[in-house]
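So the structure is just underneath, and the comments pick up after that.
The values are calculated or read from the model by the stated rules, or taken from the named source; none is laboratory data. Only a predicted model underlies this, so the values are computations on that prediction, with no experimental measurement involved. No Cβ is skipped: glycine too gets one built from the backbone with ideal geometry, and neighbour counts run over all protein chains shown. The protein model used for the area step is the full one, side chains on, heavy atoms only, and it has no ligands, DNA or RNA in it. Shrake-Rupley method; radii C 1.70, N 1.55, O 1.52, S 1.80 Å.
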Amino acid sequence: MMPVSGRRAAALFIILAAACRMRGADIPALLAERVRSVVAVEYFTETESERRTTVAYGTVIDDRGTIILPPGAIDGHVPPAQLKDFKVFVPGDPSNGAGTYLGQDAYTGWHFVRADEKIRERLVPVTRFAAARHAPVPVLGDEVWGIGLRPLEEDFMPYYLGSHLALVQSLPQLTGEAQQEVAGPGLPVFNRDGVLVGLGLNSGGQPYVLYSQANRGGAPVYLVDVEESSLFLLAGEVLPYLNRIPGRVDGRPLAWLGADGLAPMDRDVADFLKLGGHSGAVVSEVLEGSPAERAGMKDHDIIIAIDGSPLPVFRPTRYVTEYVDREVERRRPGDVMTLTVLRGSERLTLMATLGDQPTLIREAKRKYFDRIGFTAREFVYGDAVDRRTRVVNSAGVIVHYVKPNTPASIAGLEPDDWIKDIDGVAVRSFADAVDKLSAIEFDPLRSEFVLLVSRGGDTAVLHVKLK
Amino acid sequence: MGRGFNQLLDSVVRIDVREVDYDGGARRFQASIGSGVLLSSDGLVLTNAHVASPRAVEITITLASLERVGARLVGWDHWTDLALLRLDMGEVRRRRLKLTHGEFGDSDRLFPGETVYAVGTPFGLTRTVTRGIISNSNRYFEDDNGVNGYETGAFNTWLQTDAAINPGNSGGPLVTEDGRIVGITSRGYLGANNLGFAIPANVAKGIVAGLVQTGTITRSYVGIVPKALQDFEGFYALALDTGMLIDSVDPGSPAARAGLLGGDVLLAINGRKVDGRFPEQLPPIQNLIASQPVGSVLVLTLKRGTRVSDASVVTERLESSMGEESVLDAWGLSVRKVSRTFARENQLPDDTGVLVIGIHPGFPADAAGIQAGDLVTKINEKPLTSIDVVNQAQAAYAAKPGPTLLETVRDRRVSLYILKP
């Protein structure tokens, strides 16, 4: 490299510094405009025993007050009926408006919430700050910035976060990593001109070694920043999917393949199987009655291509399983998916017509019995899979919750117990169990009853004393 | 103290054991100390199964005369926590060592409050005598991995004593004032004050006889998990002191094949009425089944709802959930064979495979990402039906190292790994 003369370097430096100062001056204005696309959302999760508050950050995506929250903002196992009192806060303002939960989109994982009229007019969709055609792809070293929000006690006061792009990876979506924290998780990321370039993700764990006089270091601990993140999805992974607003709160229709327990095939294994350079996902189990089973897939098949396209190679290789899952979630029930699988030395092409996801645990019917002290839940497909039993033989109900110090808990009933018999009579269905348990619950003369439960393949006879 | 007691003191020995430890993915040895009692002039020593097991590679006995003699394992029985050793009699004769042996008493005649003495080697303090009483002569205690990972206690009750029992007392005798052996000290509650437990002599007598004869104790298995009927009599419309509740029936067991279900009440075995009202009454009933020859036909009288009926079951051999262990040094992997019992308890489809119990850091298995708790089901596409298959695969690798494909299951997720030099 040629040495640069001192004087010339100094001149360059002065010009650059002047340019920066001039452009830096507009950051407050850019932030003031863009903060209107940012909200905080508070909601309660109401269960038999508690009411828990959660606060998440969201980004406004349209003129109807629709807000997207990141996948982790709401536990996907909680029935939507237990999610209550959504409130939408505008940053820096103690007042708030009501929100309505619209459901989760399986493909993006986003939760959708809609703000009420009162607050809607104060919001601006983030799409207004997106490039007219193609979202600009930031290059390494580009300045990127975003917004963080202080906690509720500080009225979610917005603040500036800025950094530079350090790395772009496929995880499996194109993900930017900035040098430092660049936005609150779920909040937009902009380039120097204020154009949308991405959406903040949950922060990845950073390994640190704890070191002190007494503790000479050791295995690293992972610290996760829950308020700010340096990771963001590039805008090209966000903008095309903003229209995936669920039509129903349960997020249906949900496409289903039924190839369970996907595990990545690592590079050494690919070489060993003479698939050098290929990516693959091992299917642990093909579920009973699933589209995968009907397509002729077998346990331990290795998926190597979808619709003729080889699975991409990811670093680390484990992202290939998420890639396959997303390929299913992206589609709709009834769509045909062509899967190329490796079985031993054979290479097979399977045509799977995706089905409807069987009833999920969060959709199962449930009923709480206060005197006995537990919640019975409908036995659904996933319960049969978990218990390695055939779906067709699966009568009975599942214990969803046991309240401490109630007859049920004293008798030794545990969550996830599978109730097979009540008073020596087999339970036929959820409705049957509810009838039997209600009769016991509301019979003041009833002093005891007996349950037969299945637990990890064994059974246990439990004696529930009501007095 | 009388002559009998002094003779007993002369029959108590210290046992130093060096045993192989498979846990770390490499062959390691560890030493431990226990106690024992000489039972015969031909050198039989009784101790605990958790003192001397088939993992022992070197056993040294210190006699009352402080002379040290080698010994070998005759056999062990983890269910009762007993092991039988034999002194190197050639050496005993060559060195003209004098042996004194103890005599069993009748443990059924013990009563709570009776004075007993524990003799042994607590913390290596050879020939320590402590005194206490029988606190309870019929204690129910069962543990699924109480003897170095093996099951114990399902077929006998225990003596409880307040005589001080410390680590190293294990395998020593519990004796009455006349020096008769009424129990073999086995375990105590850590952190508790003087809660010690011993195997009753009347149980030990039978085990010793069996181990002398064949080196092993074979038991019958039908696959029922019992539960005390206590409080359930009203629900099942039974007279008091009648029947034993079946809490669970092991899938695939003889009882399951005969159609037994959890919630059935067992009224009689081969016409002999059973009474399992209290937990203390369960071990004798279990032992009644276990003591039948393997392959016996048992007629079980059962009550289900209001109906009473008989079911015939053919007993199988009782198997521990702990399978054979091996160290695969070239891979830095220690494994345990999946037994039928382990497969059933963990809801595995069959007993194919070995469980990874230890990893040697930096060796091929560790480098590939295999972890303790993984189940290895195939090596180079070959199902692991026995520990020999695994050992052979490793030997082939050691002779000519090259990439080797392992299929593993963890939490039902199948993964593939390559072991490479």
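How much net charge surrounds A:Gly258 when only the other residues with a Cβ under 10 Å from the Cβ of A:Gly258 are counted, with Lys and Arg +1 and Asp and Glu -1?
It works out to a net charge of -3.
Kindly state, as a whole number, the per residue volume in cubic angstrom of the convex hull around the alpha carbon atoms of chain A.
On the way: hull volume 112.2 nm³, N = 467.
Normalising the Cα hull of chain A by residue number yields 240 Å³.
Positive end of the dipole of segment B:315-421 (Cβ unit charges, origin at the Cα centre): among B:Ile418, B:Pro361, B:Thr341, the Cα lying farthest that way belongs to B:Ile418. Averaging over all projection directions, the Cα-based convex hull of segment B:266-421 occupies 12.4 nm² in the image plane. Measure out, as a whole number of angstrom, how far apart the alpha-carbon centroids of segment B:335-372 and segment A:386-424 sit. Cα centroid to Cα centroid, the span is 30 Å. Taking a straight line from the alpha carbon of A:Lys84, these aspartates and glutamates sit under 14 Å away, with near neighbours fewer than eight places off in the same chain left out: A:Glu42, A:Glu46, A:Glu48, A:Glu50, A:Asp75.
For the options B:Ala26, B:Ala393, B:Ala290, a Gaussian network treatment of chain B with springs between C-alpha atoms closer than 10 Å singles out B:Ala393 as fluctuating the most.
Expressed as a whole percent, the accessible surface of chain B that belongs to carbon and sulfur atoms is 49, based on a 1.4 Å probe.
Give the distance, in whole Å, between the Cα centre of segment A:295-344 and the Cα centre of segment A:139-186. Cα centres, segment A:295-344 to segment A:139-186: 32 Å. Put +1 on the Cβ of each Lys and Arg and -1 on the Cβ of each Asp and Glu in segment A:68-204; which of A:Ser95, A:Phe190, A:Tyr107 then has its Cα farthest toward the positive end of the dipole? The listed residue farthest towards the positive side: A:Tyr107. Given R0 = 45 Å, the distance between the Cβ atoms of A:Arg371 and A:Val209 translates into a calculated FRET efficiency of 0.25. Projecting label points 7 angstrom from Cα along Cα→Cβ for A:Glu121 and B:Ala239 puts them 8.7 nm apart.
Assuming a viscosity of 0.890 mPa s and a temperature of 25 °C, what translational diffusion coefficient in µm² per second does Stokes-Einstein assign to segment B:1-98, Rh being the Kirkwood radius over Cα pairs? Present the calculation step by step, with values, prior to reporting the outcome.
Details: Rh = 14.0 Å.
Result for D is 175 µm²/s.
Each of A:Phe44, A:Gly236, A:Val464 was scored by the projection of its Cα onto the charge dipole of chain A, and the greatest displacement toward the positive side belongs to A:Gly236; charges sit on the C-beta of Lys, Arg, Asp and Glu.
Per residue of chain B, the DSSP helices (runs of n ≥ 4 H) give a summed -39500 (n - 2.57) that works out to -4500 deg cm²/dmol at 222 nm. Per residue, the Cα convex hull of segment A:265-403 amounts to 137 Å³.
Provide, for q = 0.04 Å⁻¹, the log10 of I(q)/I(0) from a solvent-free Debye sum over equal Cα point scatterers in the protein assembly as shown. Debye intensities relative to I(0), on a log10 scale: -0.28. Pairs of Cα atoms in chain B fall into 20 Å distance bins, from 0 up to the last occupied one, in shares of 24, 48, 27, 1 percent.
Calculate the dipole size of segment B:228-303 relative to its Cα centre from +1 charges on Lys and Arg beta carbons and -1 charges on Asp and Glu beta carbons; express the result in debye to the nearest 20.
The calculation lands at about 300 debye.
Interface size between chain A and chain B, please: total buried accessible area, 1.4 Å probe, rounded to the nearest 100 Å². Summed over both sides, the interface buries about 2500 Å².
Reported value for segment A:88-165: 141 Å³ per residue, from the convex hull of its C-alpha atoms. Evaluated at q = 0.14, 0.16, 0.21, 0.23 Å⁻¹, the base-10 log of the normalised Debye intensity for segment B:63-173, with identical point scatterers placed on the Cα atoms, takes the values -0.75, -0.96, -1.36, -1.42.
The fraction of Cα-Cα pairs per 10 angstrom bin, counted from 0 for segment A:364-465, comes to 16, 56, 25, 3 percent, rounded to whole percents. Can you work out the base-10 log of I(q)/I(0) for segment A:143-291 at q = 0.08, 0.10, 0.11, 0.20 1/Å, using the Debye formula on its C-alpha atoms alone? Debye output, listed in q order: -0.39, -0.60, -0.71, -1.15.
Report, in deg cm²/dmol and to the nearest 500, the calculated mean residue ellipticity at 222 nm for chain A, where each DSSP H run with n ≥ 4 adds -39500 (n - 2.57) and the sum is divided by the residue count. Walk me through the numbers before you get to the answer.
Working: 9 runs with 74 residues, N = 467.
Here the helix-only value at 222 nm equals -4500 deg cm²/dmol.
Hey, how much of the P(r) for segment B:335-410 falls beyond 18 Å, as a percent of Cα pairs? Tail of the P(r) past 18 Å holds 37 percent of the pairs.
In segment A:364-465, Cα pairs under 8 Å separated by at least six residues give a relative contact order of 25 percent. Between amide H atoms placed 1.01 Å from N, distances below 5 Å from A:Met157 occur with A:Gly92, A:Arg150, all of them 5 or more places distant or on a separate chain.
Shown in residue order for segment B:42-58 are the 3J(HN,Hα) couplings computed by the Karplus curve 6.51 cos²θ - 1.76 cosθ + 1.60 at θ = phi - 60°: 9, x, 7, 10, 9, 8, 8, 5, 7, 8, 10, 10, x, 6, 5, 10, 8 Hz (x for Gly and Pro). Over chain A, Cα pairs under 8 Å with separation of 6+ residues give a relative contact order of 9 percent.
Based on Cα coordinates alone, diagonalise the gyration tensor for segment A:33-126, multiply each eigenvalue by 5, take square roots, and list the semi-axes in whole Å, largest first.
Working: eigenvalues 95, 45, 22 Å².
So the equivalent ellipsoid measures 22, 15, 10 Å along its semi-axes.
The H on the amide N of A:Asp421, modeled in the peptide plane, is under 5 Å from the matching H of A:Val427, A:Leu452, each at least 5 residues off or on a different chain.
Summing Lys, Arg as +1 and Asp, Glu as -1, what charge do residues with Cβ under 13 Å from the Cβ of B:Ser253 carry, B:Ser253 excluded? Write down the numbers at each step before the final one.
Working: positive: B:Arg257, B:Arg317, B:Arg340, B:Arg344; negative: A:Asp458, B:Asp250, B:Glu316, B:Glu319, B:Glu345.
Its environment carries a net charge of -1.
Using the Cβ-Cβ distance between A:Asp432 and A:Arg347 with R0 set to 51 Å, the FRET efficiency from 1/(1 + (r/R0)^6) comes to roughly 0.60.
For peptide B:28-34, the mean count of partner chain Cβ atoms within 10 Å of a residue's Cβ comes to 0.
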